């Protein structure tokens, strides 16, 4: 924001130099990017943060300077000489989109003579880099740079039906802007139209056909408030950035619009010889209620680390126009002024005290005392998960919390309508809050494969967002922390990783893979820990893999409930004596039908095995000669041990025979002999 020093001094009485003013503004949070001498004037380029739209005009900066120095703020007085004609009989305003246009005012100035601006106005505008056009356009720019409120002057006679309609554009509607850009509009854009055609892109730029020309004699003056997101979206889509859109994208003072309109009309009449019609058309669908904010002195002193007296705090709030009221010795209630939309919580008031009191007044201690807090169980567990997965060859991926419709449809059980979505103007596709991590990781794997990063093992520890079936607008989704894993390997490898990961965190817990189906998996399993559902795992089916150009790879994916794993973490398993007697291990190579699953085999073995069966392990899988095409060979490793004595092989032969009989009767399994 470029500020003219001579112009600034019109609103605040000060003899401070440009450097002194720059130091004060910098300490208030408005650093000076550069200072330039422009003739007899000095230009300060002030950096204004996006939340301080009230300081995008000379009066806003003057208000800050006056509050810091104690000088009086001089707001221009308005003496508006109006004609007998009533503006409400000369123009109508209709707002079809009240959510996007909260207020629209229109004034009419007749009998204007368009010509050059006065020299003093041209100098002030040129000092801050604004080119002089003519007296009418210059006045709207002057008032915008004075107040921060953009205005627009229409050629009154070019407004069909003398009716202003604030509406959304129709798809493929077109408008030629003042800078002669051919703009193709769509139904996401807010426009100003008359009874026939668009005449301006709301808050961005006016149209060429309704532009003020040398022949103009009557002006329709617009001063309004538009939705910042809509203005930003339109300006970016059309690649039309303007001083007006820059301000509307941040903040304009809705309650001050009528004053700004009157100020502009007064000045316009003075420099053009026109006459202002009586009154204005003011359509204001919903007025904002200013809310009171409270601040505790004790909280302020605790956050700032210093003691600031009640009187000093009250004086700061009074200078800022906050109307402070003392509730008790510790509590102050403030009503922020209408130009400060950025204040809504206690911390905001504390920040105002800190910046006005002066950060350089906060003492610097020679030593900093830091109290080290040990990591809690959640942090320890998260660190253990990351460390284990890194050791297993996985790289951590950090993704945004949004996915596109294709990913959501492939990997989520809920419909797209059950996802929470946002209209994010910076993203054309990633607008759905993700309900699982697998989809994001598969997309990352696709990107890695595209650049030749293979093999690829990825994990993510992040939150997912699942809405209830009867979700209501404004209701927050259920947020859960998950661990997502993807790897280009067989399901057995992924199972081994999951089992070892769980054992590294929850030693002694029982892990079970229960076969199930998912729409994205050709082989799927539900993972149980001590009987509770921990997550899911599966191999991508060909159709899903093809959607991500991974159809030539075997890709396994898993998602685990970190919160449930956290509940199991830290448990100490019961100690057991070191076995006194040796174990006997028997490996059984079984020929079974192709559909038979490992879980079915282990279920039969456990059902037929004696108490001496200590452990069941997967030994391997084989397909090929001499195994028939519709069958497969699975090796099962069984470990037997008797805690009371040494087992004999003859005894284990009996155990083995009973198990084989059970497998043959239940699953049709045969013992492979070759």
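The values are calculated or read from the model by the stated rules, or taken from the named source; none is laboratory data. All of these numbers come straight from a predicted model, not from anything done at the bench. Quick reminder, even Gly has a Cβ in these numbers, built from the backbone with ideal geometry, and neighbours come from all protein chains shown.
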The lone exception for residue 617 - which of (1) surrounded by 11 or more Cβ atoms within 10 Å (Cβ to Cβ); (2) touching a residue at least 12 places away in the same chain (Cβ under 8 Å); (3) over 15 Å from residue 492 (Cα atoms) it fails: (3)
Residue match in region 261-268 (condition: more than 17 Å from residue 181 (Cα to Cα), surrounded by 23 or more Cβ atoms within 10 Å (Cβ to Cβ), at pLDDT below 95 and touching a strand residue (DSSP E or B) at 6+ places or on another chain (Cβ under 9 Å)): no
Members of region 561-587 found to be touching a helix residue (DSSP H, G or I) at 6+ places or on another chain (Cβ under 7 Å) and assigned to a strand (DSSP E or B), listed by number: 584, 586
Filter result (within 17 Å of residue 597 (Cβ to Cβ) and outside any strand (DSSP E or B)) within region 500-538: 517, 518
Selected residue (only one of 536, 529 is surrounded by 17 or more Cβ atoms within 10 Å (Cβ to Cβ), in contact with a helix residue (DSSP H, G or I) (Cβ under 7 Å, 6 or more places away or on another chain) and without any contact (Cβ under 8 Å) to a residue 40 or more places away in the chain): 529
Residue satisfying all of: in region 565-597; surrounded by fewer than 18 Cβ atoms within 10 Å (Cβ to Cβ) and under 29 Å from residue 486 (Cβ atoms); farthest from the chain's Cα centre (by Cα) among these: 594
Filter result for the condition that a residue is within 20 Å of residue 49 (Cα to Cα) and at pLDDT 95 or above, over 349, 343: 349
Condition met for residue 136 (within 19 Å of residue 247 (Cα to Cα) and touching a strand residue (DSSP E or B) at 6+ places or on another chain (Cβ under 8 Å)): no
Those residues of region 1-40 which are surrounded by fewer than 17 Cβ atoms within 10 Å (Cβ to Cβ) and on the phi > 0 side of the Ramachandran plot, in sequence order: 39
Some residue of region 67-80 being more than 21 Å from residue 260 (Cα to Cα) and either without any contact (Cβ under 8 Å) to a residue 60 or more places away in the chain or in a strand (DSSP E or B) (or both): yes
Among (1) part of a strand (DSSP E or B); (2) in contact with a strand residue (DSSP E or B) (Cβ under 6 Å, 6 or more places away or on another chain) - the single one residue 22 does not satisfy: (1)
Any chance residue 211 is farther than 30 Å from residue 60 by Cα and either within 23 Å of the chain's Cα centre (by Cα) or in a loop (DSSP other than H, G, I, E, B) (or both): no
When residues of region 104-129 are limited to those that are free of Cβ contacts under 8 Å to residues at least 24 places away in the same chain and under 43 Å from the mean Cα position of the chain (by Cα), the one farthest from residue 285 (Cα to Cα): 122
Qualifying residue in region 540-558 (condition: touching a residue at least 24 places away in the same chain (Cβ under 8 Å), surrounded by 13 or more Cβ atoms within 10 Å (Cβ to Cβ), touching a strand residue (DSSP E or B) at 6+ places or on another chain (Cβ under 9 Å) and more than 30 Å from residue 452 (Cα to Cα)): no
Selected residue [in contact (Cβ under 8 Å) with a residue 24 or more places away in the chain, part of a helix (DSSP H, G or I) and within 33 Å of the chain's Cα centre (by Cα)] from 290, 340, 263, 247: 247
